[in-house]
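The structure appears right after this line, and notes come after that.
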Amino acid sequence: MTENTAQSLLDSLISPKQVMDLSDEQLPLLAAELRKRIIDVVSKNGGHLAPSLGVVELTLALLHTFNMERDKIVWDVGHQAYAYKLLTGRASRFHTLRTLGGIAGFPRRSESPYDRFGVGHSSTSISAALGMAMARDLAGGKEHVLAVIGDGSLTAGEAFEGLNLAGHMGRRLIVVLNDNEISISPNVGALSLFLSRTLSRRWVRQMRKDVLQLLRSIPRIGQKLALYAMRGEWSFKSFFTPGMLFEAFRFTYIGPVDGHDLPALCRHLQMAAAVEDGPVLLHVRTCKGKGYAPAEKDPTHFHGVGHFEPETGLLIPSGNKTPSFTGIFGKTLVELAEKDDRLLAITAAMPEGTGTNLFEERFPERFVDVGICEQHAVTFAAGLAASGFHPVVAIYSTFLQRAYDQIVHDVCLQKLPVTFCVDRAGLVGEDGATHHGVFDIAYLRHIPEMTLLAPR
Ligand SMILES: Cc1ncc(C[n+]2csc(CCOP(=O)(O)OP(=O)(O)O)c2C)c(N)n1
């Protein structure tokens, strides 16, 4: 990394408002600087590389279009917010990313006024942004409120609960769907197939061009007519694209748009901002790990990564040869399943993280990745257990918090034999407070019928 940081455009920016004034020529230069800085710091400190690289242009387009002193962005999970942190007054301290007392790995309200909502667990952004939109309307405010959510995070129930209420309330809200077709591992479920539907028909594109040209040529009212026509077109297009789903939730659907084409992104964000009557969903297609070949090639590995050589992407081994809990668990589960064909493994979007990927390789028909759906994972397991199977549900301690009621109501109260294997118990270090597994003993031990064991 030979970037001359003293001269860089990035370091010359004091306020995110300055991004609004950057020229079309400056924005791509800043994108390149952001990528360099993110790769440089993450290679030393570890962190969420591929998600952050994938939204560099999207972040720039958001800050170019919206006024961060007034408008509010809620990032979902927040693991993709490194460029946002760099552009909102934290560039000079970014080298402290994920260190004690340094810049947090996720947006945090106590860290910056631009971090409008604290995150770390997925699928909360639409609900939180909708709350902010209602608060704005009650206070007579005018600001835009945006939620930026990934296609993986959209698979969770809470995201759909947010969409459902947003469509019902009809408040002004912009949901930006960052669709890179991958969660940590490839995204799962019917939704991911639906999202990949594309509209590439030439005749629709040609028709659009002709009609808009004609309407715009009408004196005085031409522009307004063109906007109406575009909305009609968006609705029409939605039958051929994933938009149909969101239109059913009473969102105006715009997209899909190439998430690395800055002018197109800015144009589409302006269109979304111009919709005044109800929620909008802007569908943005991005490439996870964009701009860094090793991460583009293996986005799962570079989703969250330890130290690596920035030039090559090669991992720098930690030197710790002790087998991990995850590794031993994954191997043992396979051994147990060799002897018991009723044993099933369930993960909520974390096959690698929980070690159940070994099980998936050996027994694909007895393995289920349910997506980022911890609550569903537990009740789904309860259904299997009620039918004579023995499910093993492998979820990190912090994410299992979500499924407390399902553990009490669906598993323990019915005395169903479900085994929970709780990874990342205890303090997790760099990921910080949202990810510490410090509550599991407290939230599991008092539940009748639950037997709690701590391996050592
Ligand atoms: C409730 C919860 N479960 C699991 C995770 C772990 N996790 C972090 S990011 C992520 C994948 C998110 O995928 P997507 O929303 O598509 O974003 P991308 O990383 O692809 O940009 C997962 C499973 C989490 N943060 N929260």
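A few points about this structure:
- Packing-based order for 336-347, 278-289, using average beta carbon neighbours within 10 Å, highest first: 278-289, 336-347
- Per residue Cα convex hull volume in Å³ - calculated over the chain: 168 Å³
- Positive minus negative residues near G89 (Lys, Arg vs Asp, Glu; Cβ under 15 Å): +4
- Scoring 121-127, 214-220 by mean Cβ neighbours within 10 Å over their residues and listing the highest first yields 121-127, 214-220.
- Think of the stretch 325-445 as having a plus end and a minus end, set by charges on the Cβ of Lys, Arg, Asp and Glu; of P417, F359, A433, P417 sits farthest toward the positive end of this dipole.
- The length gained by stretching the chain between S110 and R93 to full extension, at 0.36 nm per residue less their Cα-Cα distance, is 4.6 nm.
- Cα-centre dipole for the chain with unit charges at Cβ (Lys and Arg positive, Asp and Glu negative), debye to 20: 1040 debye
- Part-to-part distance (alpha-carbon centres) for the stretch 30-84 and the stretch 375-400, which is given in Å: 35 Å
- With Cα atoms, 0 to 90° folded angle of helix 56-65 axis to the chain main axis: 40 degrees
- Within the stretch 67-94, backbone nitrogen closer than 14 Å to the virtual label 7 Å beyond the Cα of E143 toward Cβ: 67-75
- Ordering of 412-423, 47-58, 373-384 by burial proxy (mean other Cβ atoms within 10 Å per residue, highest first): 47-58, 373-384, 412-423
- Low-density loop cleavage sites - chymotrypsin sites (Phe, Trp or Tyr not before Pro) in the stretch 38-90, where at most 12 other Cβ are within 10 Å (DSSP): none
- Counting 0.36 nm for each residue step from L29 to N320 and taking away their Cα separation leaves a gain of 100.8 nm.
- Legend: translational diffusion of the stretch 325-445 by Stokes-Einstein, Rh = Kirkwood radius over C-alpha pairs, 20 °C, 1.002 mPa s; D = 149 µm²/s.
- Potential lengthening between S12 and R445 on full extension [0.36 nm per residue; Cα-Cα distance subtracted]: 150.6 nm
- Rolling a 1.4 Å probe over the heavy atoms of the protein chains gives the chain an accessible area of 47 Å² per residue.
- Rounded to the nearest 0.05, the FRET efficiency derived from the C-beta distance between V438 and R362 at R0 = 30 Å is 0.35.
- Against the chain, whose longest principal axis is taken from its Cα atoms, helix 157-169 shows a tilt of about 30°.
- From helices alone, the chain scores -11500 deg cm²/dmol at 222 nm; the rule is -39500 (n - 2.57) for each run of n ≥ 4 DSSP H residues, then divide by the residue total.
- Carbon + sulfur, % of accessible area of the chain - ligands and nucleic acids excluded, 1.4 Å: 57 percent
The values are calculated or read from the model by the stated rules, or taken from the named source; none is laboratory data. Worth saying up front: this structure is predicted, and the values here are computed from it rather than measured. Positions of Cβ are generated from backbone atoms using ideal geometry, with glycine treated the same way; all protein chains shown enter the neighbour counts. Keep in mind that these areas ignore ligands, DNA and RNA; they rest on the heavy atoms of the full protein, side chains included. Shrake-Rupley method; radii C 1.70, N 1.55, O 1.52, S 1.80 Å.
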